[in-house]
Amino acid sequence: DPSSFLLSLKNVFAAAGQHNFDFNTQQDVAEILEFILNKVTDSSVVTRDSFNIRSLTSLFCHNCMQPNNREDNQSILRLPVLKDVPTASSNLLETEQLVDSNAPFCYVCSEKKDSDSKLILSNIGHLLIIQLNRIIVSEGVVTKICAPFSCTPLIEVDTTSDNEVHLKRKFKLSAIINHSGTLDNGHYTCVINDGEFWWHCNDRAVLETRLADMDDTLPYVLFYQAV
């Protein structure tokens with residue numbers, strides 16, 4: 001029963017100046033998770049290093065051919081809902097052409113120019129959290145993507161340092177947060193692994209399960225540990 005936890009969390013949100021948190025209505029678990037991680041990592045260097053995902057976005061202008069790099073740090077990696085983690089991560093790391101209305105501002109040309117955008121992951125901590133982009137906003141309308149997604153038990157993630165050193169890191173699936181129902185009237189459950197067995201946690205009901213028996217349209221947030 002998460003009531004006590006949610007009441008405490010409401011007080012934390014209020015102390016941070018966010019008074020609109022109402023645990024009697026459905027919340028976005030990924031937003032709450034990110035809020036908690038930011039609080040924890042702000043006070044702990046060890047925790048920050050464990051959860052940190054460092055990425056580098058390179059923009060190559062088609063006009064001046066000069067690169068413009070931006071480094072970002074985040075605690076959650078967001079992926080499209082495409083088959084499984086390897087497929088979705090490969091899609092995220094593909095070179096994307098930004099042209100016409102999507103063209104970014106080039107600081108060398110001093111105006112918007114067609115460019116190539118390339119994202120690389122330069123470092124990942126010991127713990128990798130992945131959020132699937134199931135909730136999208138199009139023309140002011142919020143919808144949920146219920147496409148199936150396979151939660152790969154063991155994955156390899158490419159990290160690149162200084163555009164030269166390539167490293168494949170292995171991560172093992174340890175937990176999944178599922179979301180069923182609609183955006184207005186839904187329910188969260190989770191599936192966790194204790195090192196030997198998988199357990200399906202649905203409020204007070206905790207039952208042994210198998211990963212293969214899980215509904216693959218429900219996964220929303222995935223938790224991986226480095227191996």
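Numbers below:
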| read-out | value |
| --- | --- |
| With 5 Å bins from 0: P(r) over segment 1-139, alpha-carbon pairs, percent | 2, 8, 13, 15, 16, 15, 13, 10, 5, 2, 1, 0 |
| Restricting segment 157-227 to GluC sites (Glu not before Pro) in coil, as DSSP defines it, with at most 10 other Cβ within 10 Å | Glu164, Glu196 |
| Ratio Rg/Rh, restricted to segment 86-227 and using Cα atoms, in which Rh is the Kirkwood radius | 1.06 |
| Relative contact order computed over the chain (Cα-Cα under 8 Å; 6+ residues apart), in percent | 18 |
| Accessible area per residue in Å² at 1.4 Å probe, computed on segment 1-157 | 58 |
| Where the Cα pairs of segment 1-69 fall when distances are cut into 5 Å bins, in % | 3, 13, 17, 17, 11, 11, 8, 8, 6, 4, 2, 1 |
| Whole-Hz couplings from phi, Karplus 6.51/-1.76/1.60, listed for segment 19-31; x for Gly and Pro | 9, 9, 6, 10, 6, 7, 10, 5, 10, 8, 4, 5, 5 |
| With 5 Å bins from 0: P(r) over segment 138-211, alpha-carbon pairs, percent | 3, 11, 16, 16, 14, 13, 11, 10, 4, 1 |
| Helical contribution to [θ] at 222 nm, DSSP H n ≥ 4, -39,500 (n - 2.57), averaged over the chain, rounded to 500 | -5500 deg cm²/dmol |
| Given 14 as the ceiling on other Cβ atoms within 10 Å, longest exposed-site-free region of the chain for chymotrypsin sites (Phe, Trp or Tyr not before Pro) in DSSP loops | 1-106 |
| Accessible area of the chain belonging to carbon and sulfur atoms, whole % at 1.4 Å probe | 51 |
| Segment 1-87 - charge dipole about Cα centre, Lys and Arg +1 at Cβ, Asp and Glu -1, debye rounded to 20 | 200 |
| Residues Ala212 and Asn133, FRET efficiency given R0 of 25 Å [Cβ-Cβ distance, rounded to 0.05] | 0.55 |
| Cβ-Cβ FRET estimate between Leu6 and Gln97, R0 fixed at 35 Å, reported to 0.05 | 0.20 |
| Selected from Ser101, His19, Thr160, residue furthest toward positive end of dipole (the chain; charges at beta carbon) | Thr160 |
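The values are calculated or read from the model by the stated rules, or taken from the named source; none is laboratory data. Every value quoted in this text rests on a predicted model; they were computed, and no experiment measured them. Reconstructed Cβ throughout: ideal geometry from the backbone, glycine too, with neighbour counts over all protein chains shown. Please note that ligands, DNA and RNA were not included when accessible areas were found on the heavy atoms of the full protein model with its side chains. Shrake-Rupley method; radii C 1.70, N 1.55, O 1.52, S 1.80 Å.
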